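Peer 1: Would you mind keeping the following structure in view while I ask a few things?
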Amino acid sequence: MMQARGRLLGLGVGPGDPELITVKALRLLREAPVVGYFVAKGKRGNAFGIIEQHLQSEQTLLPLVYPVTTEALPAPLSYEQVISDFYDEASVAVAAHLDAGRDVAVICEGDPFFYGSYMYLHDRLAERYDAEVIPGVCSMLGGASVLGAPLVYRNQSLSVLSGVLPHEELKRRLANADAAVIMKLGRNFPKVRQVLAELGLDGRALYVERATMANQKIVALDEVDPQSSPYFSLIIVPGERWQG
């Protein structure tokens, strides 16, 4: 008789505040025999910090350690190829547990399908194994809440943009947006701030670092040090207020 294979669980654990994990994600986390988590070399990882207090001693931890965390690599190395190979290897490690009949809960900061690393495992494994994804509070909603900034009113549309976009492309998309969230700032911050200024949106734009985390920081856009803007920062350009 063939052994039943384990289930792949993608658990969104929220933007940072440990209380923003859902009841369902917490239940599945506690029930999972194996807990996988993405982490940089030598780090604990933000997602792991959110759930560490809920882990049981009998659970097996499966750290999935990024080989790189920057896009600047010496030639002929390509960030895209290195990281793609990493997700291939991580999928093999997760599949070994699934094949042995063990459920694997892979935790993901924010939401698994919103810029979440889990999605790259899902793409590789979900066609071969039962997979369930539990949505989580994503970083932009955490950011809006701590900034006290309603995102979109009535019939407005929201654009979620990557700060990695080239200057002119970012400017074109922002110019056509009713409201916007700009993610992936880091070293892209100076370009993004310049685009906002060119469009006259810098007065409306709001900036937050590590929203809902213990070390959260809200700074006026013109006071942000471009050299220290972290990856976990975002800018919100709220929709024009509607007096209902």
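Peer 1: Taking R0 as 35 Å, what's the FRET efficiency between S145 and S84 from their Cβ-Cβ distance, rounded to 0.05?
Peer 2: 0.55
Peer 1: Carbon-plus-sulfur fraction of the accessible area of the range 111-223, 1.4 Å probe, in percent?
Peer 2: Here carbon and sulfur together make up 47 percent of the probe-accessible area.
Peer 1: In debye to the nearest 20, how big a dipole does the chain give about its Cα centre with +1 on each Lys and Arg Cβ and -1 on each Asp and Glu Cβ?
Peer 2: 260
Peer 1: State whether the range 187-244 is rounded, prolate or oblate according to the following rule on the C-alpha gyration tensor (a ≥ b ≥ c being the square roots of its eigenvalues): a/c under 1.5 gives rounded; otherwise a/b larger than b/c gives prolate, and the remaining case gives oblate.
Peer 2: Verdict is oblate for the range 187-244.
Peer 1: Sticking with this structure for a sec: Relative contact order of the range 140-237: what whole-number percent is it, with Cα pairs under 8 angstrom and at least 6 residues apart?
Peer 2: 33
Peer 1: Label point 7 Å out from A4 along Cα-to-Cβ: which residues of the range 113-151 have amide N under 16 Å?
Peer 2: Within reach of a label on A4, which here means backbone N under 16 Å from a point 7 Å along Cα→Cβ, the range 113-151 contributes 129-132.
Peer 1: A further question on this structure: Order 127-136, 204-213, 152-161 from most to least packed using the mean count of other Cβ atoms within 10 Å.
Peer 2: For the peptides 127-136, 204-213, 152-161, the packing ranking is 204-213, 127-136, 152-161.
Peer 1: Would the range 1-136 count as rounded, prolate or oblate if I go by the C-alpha gyration tensor, calling it rounded below 1.5 in a/c and otherwise prolate when a/b exceeds b/c, oblate otherwise?
Peer 2: The shape class here is oblate.
Peer 1: If you roll a 1.4 Å probe over the heavy atoms of the protein chains, what accessible area per residue do you get for the chain, in Å²?
Peer 2: That works out to 52 Å² per residue.
Peer 1: Now, a different point. Past the 29 Å Cα-Cα mark, which pairs from K43/K184; K41/K171; K43/K171?
Peer 2: Pairs exceeding the cut-off: K41/K171; K43/K171.
Peer 1: Just to verify a number: what accessible area does E169 come out at with the full protein assembly present, 1.4 Å probe, Å² rounded to tens?
Peer 2: Using a 1.4 Å probe on the heavy atoms, I get roughly 50 Å².
Peer 1: How large is the accessible surface of E198 in square angstrom, using a 1.4 angstrom probe and rounding to the nearest 10?
Peer 2: It works out to around 80 Å².
Peer 1: Kindly identify the range 140-237 as rounded, prolate or oblate by the Cα gyration tensor criterion: order the square roots of the eigenvalues as a ≥ b ≥ c, call it rounded if a/c is under 1.5, otherwise compare a/b with b/c, prolate if a/b is larger, else oblate.
Peer 2: Because a/c hits 1.5 or more and a/b fails to exceed b/c, the range 140-237 counts as oblate.
Peer 1: What FRET efficiency, computed as 1/(1 + (r/R0)^6) with R0 = 22 Å and r the Cβ-Cβ distance, is obtained for Q156 and V219, rounded to the nearest 0.05?
Peer 2: About 0.30, to the nearest 0.05.
Peer 1: Next question. Measuring from centroid to centroid over Cα atoms, what is the spacing of the range 81-111 and the range 145-223 in Å?
Peer 2: 32
The values are calculated or read from the model by the stated rules, or taken from the named source; none is laboratory data. Small disclaimer: the values here were computed from a predicted structure and weren't measured. Neighbour counts run over all protein chains shown; Cβ positions are idealised from the backbone, glycine included. For accessibility, only protein heavy atoms count, side chains too; no ligands or nucleic acids. Shrake-Rupley method; radii C 1.70, N 1.55, O 1.52, S 1.80 Å.
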